[in-house]
Amino acid sequence: MEINWDAFLAPYAQAVEELKVKLRGIRKQYRQGNTHVPIEFVTGRVKPADSILAKADLRHIALENLESEMQDIAGLRIMCQFVEDIQDVVKMLKKRKDFTIIDEKDYVMHKKESGYRSYHVVIEYPVQLINGEKKILAEIQIRTLAMNFWATIEHSLNYKYQDELPQEISERLERAAEAAFQLDEEMSQIREEIQEAQHLFSYSKGRKKKESGQD
Ligand code: 0O2
């Protein structure tokens, strides 16, 4: 089967752009509300054609079934400061009316064998095209900054070694996963202190801006 990649990926690209704006908008609303902001930053990407083909091969997904079986062609990532923020973000996503959640995977409570931790939500998102509406699948990954740091490093090492990591690196990654977990635990313990400090800091920044007429 011959795929016209530009045409195939266009709705996914549109969905990623729209969802980035929407998810970043949530962050802005929290900030304006002067409450704790559970979202640190948001990224998004469309899986490149070569990665789609490699994954389809690995997972035995027929090209005709890509749209229904590959859930992460459109991918969004929401980074949080604290593990507790992840559930707040998931709850907030569940209340939204502009997409439907069709699957959830909790790799925070149940980490993967690799040490990977993250919360995955698969959504069905309607994009408006010139010839009508098209519902596409997108995956939103919600994770802490520590989980993201580990996953990003592990992903690039696996890419470099083509999923055949030398024993020593594999062991170091395991220890790093544990260290990232401990970091999240420690930060959770002093969460209230940190939030109060951040609140004071943004309040004083806001006042200075006002005083210097930058507001
Ligand atoms: P890229 O380059 O990140 O876009 P499933 O296993 O199908 O039941 P899951 O885990 O949601 O469910 O699907 P999958 O296909 O295993 O993983 C989807 C994405 O989750 C991956 O995308 C990664 O982004 C992330 N991920 C899953 N497992 C790991 C892991 O062990 N390490 C890291 N670093 N990331 C992981 P891709 O396809 O890797 O592409």
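The values are calculated or read from the model by the stated rules, or taken from the named source; none is laboratory data. Treat the numbers as computed from the prediction; the structure is a model and nothing was measured. No Cβ is skipped: glycine too gets one built from the backbone with ideal geometry, and neighbour counts run over all protein chains shown.
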Among Ile136, Ile140, Ile190, the single one that is under 20 Å from Glu84 (Cβ atoms) and touching a residue at least 24 places away in the same chain (Cβ under 8 Å) is Ile140
Restricting to the range 127-148, name every residue that is touching a strand residue (DSSP E or B) at 6+ places or on another chain (Cβ under 6 Å), more than 16 Å from the ligand (Cβ to nearest atom) and either within 16 Å of Glu40 (Cβ to Cβ) or not hydrophobic (A, V, I, L, M, F, W, C) (or both). Glu133, Lys134, Lys135
Being assigned to a helix (DSSP H, G or I), within 14 Å of the ligand (Cβ to nearest atom) and more than 14 Å from the chain's Cα centre (by Cα) is the filter; apply it to the range 9-52 and report the residue that is nearest to Ile123 (Cα to Cα). Tyr12
Going through Glu124, Glu67 one at a time, which residue ends up being within 16 Å of the ligand (Cβ to nearest atom), in contact (Cβ under 8 Å) with a residue 40 or more places away in the chain and surrounded by fewer than 17 Cβ atoms within 10 Å (Cβ to Cβ)? Glu67
All positions within the range 130-153 that are under 23 Å from the mean Cα position of the chain (by Cα) and outside any strand (DSSP E or B): Leu145, Ala146, Met147, Asn148, Phe149, Trp150, Ala151, Thr152, Ile153
Taking into account only those residues within the range 163-196 that are within 13 Å of the ligand (Cβ to nearest atom) and not hydrophobic (A, V, I, L, M, F, W, C), which is farthest from the chain's Cα centre (by Cα)? Ser170
Within the range 89-113, count every residue that is touching a residue at least 60 places away in the same chain (Cβ under 8 Å) and within 16 Å of the ligand (Cβ to nearest atom). 1
Checking Glu104 against (1) closer than 24 Å to Ala15 by Cβ; (2) loosely packed, with under 12 Cβ neighbours inside 10 Å, the condition it does not meet: (2)
Any chance the range 154-174 includes a residue that's under 19 Å from Lys20 (Cβ atoms) and either modelled with pLDDT of 95 or more or in a helix (DSSP H, G or I) (or both)? no
Here are some conditions: (1) surrounded by 12 or more Cβ atoms within 10 Å (Cβ to Cβ); (2) β-branched (Val, Ile, Thr); (3) farther than 20 Å from Met79 by Cβ. Ile130 meets all but one. Which one does it not meet? (1)
Given the conditions (1) in contact (Cβ under 8 Å) with a residue 24 or more places away in the chain; (2) within 19 Å of the chain's Cα centre (by Cα); (3) more than 25 Å from Thr100 (Cβ to Cβ), and given that Met79 satisfies all but one, which numbered condition is not satisfied? (3)
